[in-house]
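Contents: one structure, followed by commentary.
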Amino acid sequence: MPDQTLGISNPKRISALSLTMGAVLGAIFLALTTLSCSTALSASQGPQSARSAASGAQNPNGEFPSFRAVAAKVLPVVVEINVVDIVKQPVPDVGQGWPWNFLLPQKPDQEKNGPKTQEFRQEGLGSGVIVRKSGDTVYVLTNNHVVGNASEISVVLYDKRHYRAKLVGKDPRLDLALVSFTTNDTNIPVATLGNSNNMRVGDWVLAVGNPFGFMSTVTAGIVSAIGREGVGPGNTVAQFIQTDAAINRGNSGGALVDMDGQVVGINSWIASPAGGSVGLGFAIAINDAKRAITDFIEHGAVQYGWLGVSVQDPYPALAKQLGVDQLAGSLIYHVFVNSPADKGGLKPGDFVKSINGEQIIDTNDLIRVVGDLPVGKDATFGIIRYGKPMTVTVRIALRQPDAQINKDRDLWPGITVIPLDEQIRSQLKLSSDVNGLVVADVVEGTPSAVAGIQQGDLVQAIDATPINNAIDFYRAINAAQTKFDFKLLRQGKVINIVVERGGAS
C-alpha cells in the first residue's frame, strides 16, 4: 500500500537493477543497478555553442555535428567515487563439522559465541557530481546506494587528482548522498544545476559517469519520459527522468545533462532483464535534489515534512461510493493519533485534491508534495469529505526516521474497508439482503487489530448506526468519541467488538 508515513510499495515490479560497481579481492563485483548523474561546466564554452554542436547541421568549420562542446563542459565536474566497506563473514574452523566434531568437540565458549568471523575489505565504485564549493570544502552529490555504509570514501577528479572524502549525509528515500573533501586548490570546477521541470520528451541528453570502471564515459540519448514516480528499487519518493542514453553499472551518481551542459538528473537505476543497458535508464530529477543538498550541509539529513496519514489511491468501488471516482487525488485511509493531520482536522475518508492550491494527481504525487512542505509552516489542503468540498489547514511537522514512525501503531481506524460486490458476496456466502462493508485489511498492532477485528469481517453497524456504504462508515468512525462498538458478521455469526481510539481528536 502506498503510504505517506510507512513507505511506498511498487505494484509494477520489474527487474530493476542499481548501477554501482564493486570489486572484491581484485574481482569486479556487479552490484545494484542504481545510478546517479552530475555535470561539469567550463567557463570557456557557452550554452549556444553546445546547442549548435548538437543542432544536426554542420558548424562553420564544416565539421559534422557532435556533442563535443557539451561533453567538454560536463566531464570535469563528474568524478569517480571509490568506497571501502568492512564486512564480517564466517570462516571455517577446524574442530567443527564431520569428522572434527567427534574428534575435537566444541568448547563451551565456542557454542556460546557462535562461529568465528573475519573482517574483509569490500571495495565499490560509483560516480558523483561536484555541486558546491565553500571555502576549502568541496561537496559531491551521489547516490545513497553508492556510499552505503562505507568506512572509507575517496574521490578521483577528471584530471586524476585524488582526495580522501567523508560522508556529509545520505537519504534512502531519495537515494541521494553528499560527500565532501577539502583542498586548497582553487581550480575545482562546479556543475551548474539546471531546471528538470523544463525537460520534455524528445530532448537530447548526455549521461556521464564511470560504467564498469571506465572513467569519464559519455553516452547520448533522448528523454523518453518524465515524471516517473513510484518506480525503481526500494521506496524512493523521487521523480525520475527516463532516458535511452546507455547507463550501466558504475554510472550510479553520475550526471544526466541537457544541451546547455546543465545537470538535470542524477543517474540512479535501470530496468533490465539481464543487468545491462537496454535503453531504460532512470535519473533522479535534479529539482528533487536541490533542497536535499542544502539540507545535507545544514542538517546532515533531508528535512521532510510530515503529515501523519496513511494514503492510497482508492479502491474503485470505494471511490464511487465516496463520490470521487472521477477525480484526481489520494484517499486518507488512516490518521496517526495526535499527528499534525489529526490536530489540524484531517480525517479518515478525506480525499485530498490539492495542497496549497497545487493539484494532487495521485498518491505518489501527494507523498512527494507533503515531503517538500516546509516544517513548522501551515499548509492548506483542498479535500472532499462525505461528498462535499472543503479546506483544512494543517501545520506541518518534521518527519522522524522510518524506524521511529513504524513503532507508532496508533493509527485510526487501522482497518481498510471495501464495498460488497457479487464476487465478495459469493466468497463470503452472503445473501443479497445482507449489507455492510468488508474489512479488506487490518494494520497489525493498531487498536482495531488488538481489539480483534479480522480481515473478512463484515461491518454492519457502529454504535447501532447501520453501515450501508463508505460515507456511513467514515461518518461513524470520525465521531467525537473514544470508544466505538462494532457490530460484525464473521462466518455467519454476529459479534460485537469495542475499539478504543487512542489520544484526543
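Listed values, structure above:
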| item | result |
| --- | --- |
| Residue ID - surrounded by the most Cβ atoms within 10 Å (Cβ to Cβ), chosen from residues in region 192-226 that are out of contact with any helix residue (DSSP H, G or I) (no Cβ under 6 Å at 6 or more places or on another chain) and of a type in the set (Val, Ile, Thr) | Val205 |
| Given (1) assigned to a strand (DSSP E or B); (2) touching a residue at least 40 places away in the same chain (Cβ under 8 Å), index of the condition Arg164 fails | (2) |
| Any hit, region 342-362, residues being part of a helix (DSSP H, G or I) and buried (at least 23 other Cβ atoms within 10 Å of the Cβ) | no |
| Residues of region 292-319 that turn out to be surrounded by fewer than 18 Cβ atoms within 10 Å (Cβ to Cβ), without any contact (Cβ under 8 Å) to a residue 40 or more places away in the chain and within 24 Å of Asn468 (Cβ to Cβ), as a count | 1 |
| Pair list, Cβ under 7 Å, 6 or more apart: region 216-234 residue outside the structural domain of Tyr158 (by TED's automatic domain parsing), other residue surrounded by 20 or more Cβ atoms within 10 Å (Cβ to Cβ) | none |
| Residues that are part of a helix (DSSP H, G or I), farther than 30 Å from Thr243 by Cβ and not hydrophobic (A, V, I, L, M, F, W, C), drawn from region 282-341 | Glu298, His299, Pro316, Lys320, Gln321, Pro340 |
| Answer residue from region 227-259, given it is at pLDDT below 95 and β-branched (Val, Ile, Thr) and is surrounded by the fewest Cβ atoms within 10 Å (Cβ to Cβ) among those | Val231 |
| Unique residue being farther than 21 Å from Tyr315 by Cβ and either modelled with pLDDT of 95 or more or surrounded by 14 or more Cβ atoms within 10 Å (Cβ to Cβ) (or both) when the list is Ala440, Ala451 | Ala451 |
| Subset of region 132-154 (residues that are more than 21 Å from the chain's Cα centre (by Cα) and not hydrophobic (A, V, I, L, M, F, W, C)) | Arg132, Lys133, Ser134, Gly135, Asp136, Thr137, Tyr139, Ser151, Glu152, Ser154 |
| Any pair with Cβ under 6 angstrom, 6 or more apart, that starts in region 410-428 at a residue that is touching a residue at least 60 places away in the same chain (Cβ under 8 Å) and closer than 13 Å to Phe473 by Cα and ends at one that is small (Gly, Ala, Ser) and part of a strand (DSSP E or B) | Thr416/Ala440; Ile418/Ala440 |
| Filter result for Val87 (in the same structural domain as Ala191 (by TED's automatic domain parsing) and modelled with pLDDT of 95 or more) | no |
| Residue list for region 173-210, restricted to those being in a loop (DSSP other than H, G, I, E, B), under 28 Å from His299 (Cβ atoms) and under 23 Å from the mean Cα position of the chain (by Cα) | Arg173, Leu174, Asp175, Gly194, Asn195 |
| Residue list for region 155-178, filter: within 24 Å of Ala72 (Cα to Cα), among the β-branched types (Val, Ile, Thr) and either buried (at least 21 other Cβ atoms within 10 Å of the Cβ) or in contact with a Leu (Cβ under 9 Å, 6 or more places away or on another chain) (or both) | Val155 |
| Test result for Phe473, in a strand (DSSP E or B), surrounded by 20 or more Cβ atoms within 10 Å (Cβ to Cβ) and not aliphatic (A, V, I, L, M) | no |
| Test result for Leu206, under 25 Å from Val87 (Cα atoms) and among the aliphatic types (A, V, I, L, M) | no |
| Failed condition for Asp410, given (1) farther than 15 Å from Val335 by Cα; (2) in contact with a Gly (Cβ under 6 Å, 6 or more places away or on another chain) | (1) |
| Residue satisfying condition, being over 30 Å from Ala165 (Cα atoms), of a type in the set (Gly, Ala, Ser) and either surrounded by 10 or more Cβ atoms within 10 Å (Cβ to Cβ) or modelled with pLDDT of 55 or more (or both), within set Gly62, Gly124 | Gly62 |
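Here is a yes/no grid of residues against (1) closer than 22 Å to Ala379 by Cβ; (2) hydroxyl-bearing (Ser, Thr, Tyr); (3) surrounded by fewer than 11 Cβ atoms within 10 Å (Cβ to Cβ):
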site	(1), (2), (3)
Arg395	yes, no, no
Leu398	yes, no, no
Ile405	yes, no, no
Ile418	no, no, no
Arg425	no, no, no
Ser431	no, yes, yes
Val434	no, no, no
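The values are calculated or read from the model by the stated rules, or taken from the named source; none is laboratory data. Being a predicted model, the structure only gives us computed values, none of them experimental. Don't worry about glycine lacking a Cβ; one is built from the backbone with ideal geometry, like all the others, and counts go over all protein chains shown.
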